[in-house]
Amino acid sequence: SINPTLRFSHAPNSINGTWNYSDNLNSYNNLSLFYTYQEVLAINLKEDYTYYHSRQSGINNGNFSNQLLATAISASANCTKKFTIGSNITYNHATSTGSAATKFTIWNANATYRLMKGNNLELKVAALDLLHQNTSINNYGYNNMLTHNTANVLQQYFMFTFS
């Protein structure tokens, strides 16, 4: 599937008594390919691209932009009717005017086993952020402002689930 979104705007405003005009371009694009083989294998490839650019004229005649690119692949395999394994990996690359690029990869894996007569009990183990690179990033532009920051987040952890 392909899901493009594109917005243009021309915004006059006054900053400290001086007229300023902003021409803005905001775009979010998503491309996804999904493949299944019977009820045994599922693979998904996904590309997300977000872009913001603002050209100012009036107060400072500046240009600024940011972009975020995320490339992901995920797969799951039903080894038996009761046992499934899966994994996904996402490469993220974020840039913003005035900031160094932020790059990180997140890799997760999981295994699920179903028990009881109707497969009513599920045991799942998940290993998240196997590469210790998880970075919570905010990288977007809107209304003549850029936001580019990271926050400390939980890195590499394991979850055991009974449901």
Check your understanding: Quick one: V125 ticks every box in (1) of a type outside the set (D, E, K, R); (2) at pLDDT 85 or above; (3) in contact with a Leu (Cβ under 9 Å, 6 or more places away or on another chain) bar one, so which box is it?
Key -> (3)
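Consider T5 carefully, then state whether it is under 30 Å from M145 (Cβ atoms) and open to solvent by less than 50 Å² (accessible area, probe 1.4 Å).
Judged against the criteria, T5 is not a match.
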**Study point:** Where A77 falls short, out of the listed (1) farther than 30 Å from N13 by Cα; (2) part of a strand (DSSP E or B); (3) open to solvent by 60 Å² or more (accessible area, probe 1.4 Å)
**Key:** (3)
**Study point:** Those residues of region 38-47 which are of a type outside the set (S, T, N, Q) and at pLDDT 95 or above, in sequence order
**Key:** V40, L41, A42, I43, L45, K46, E47
Exercise for review: Among the residues of region 20-46, write down those that are acidic (D, E) and surrounded by fewer than 14 Cβ atoms within 10 Å (Cβ to Cβ).
Suggested key: E39
Check your understanding: Restricting to region 48-74, what's the tally of residues that are open to solvent by 70 Å² or more (accessible area, probe 1.4 Å) and either aromatic (F, W, Y) or modelled with pLDDT of 90 or more (or both)?
Key -> 2
Exercise for review: Determine whether L115 is over 24 Å from S22 (Cα atoms) and in contact with a strand residue (DSSP E or B) (Cβ under 9 Å, 6 or more places away or on another chain).
Suggested key: yes
Practice item. Being in a loop (DSSP other than H, G, I, E, B) and open to solvent by less than 50 Å² (accessible area, probe 1.4 Å) is the filter; apply it to region 129-163 and report the residue that is farthest from G86 (Cα to Cα). Key: N144
Review point. Of a type in the set (A, V, I, L, M, F, W, C), assigned to a strand (DSSP E or B) and more than 22 Å from the chain's Cα centre (by Cα), is that true of A72?
Key: no
Review point. Within region 80-121, how many residues turn out to be of a type in the set (A, V, I, L, M, F, W, C), modelled with pLDDT of 90 or more and in a loop (DSSP other than H, G, I, E, B)?
Key: 0
Check your understanding: Within region 96-114, is there a residue that is under 24 Å from H132 (Cβ atoms) and exposed (fewer than 12 other Cβ atoms within 10 Å of the Cβ)?
Key -> yes
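The values are calculated or read from the model by the stated rules, or taken from the named source; none is laboratory data. Nothing here was measured: the structure is a model prediction, and the numbers come from that model. Cβ: placed from backbone, ideal geometry, glycine included. Neighbour counts: every protein chain shown. For accessibility, only protein heavy atoms count, side chains too; no ligands or nucleic acids. Shrake-Rupley method; radii C 1.70, N 1.55, O 1.52, S 1.80 Å.
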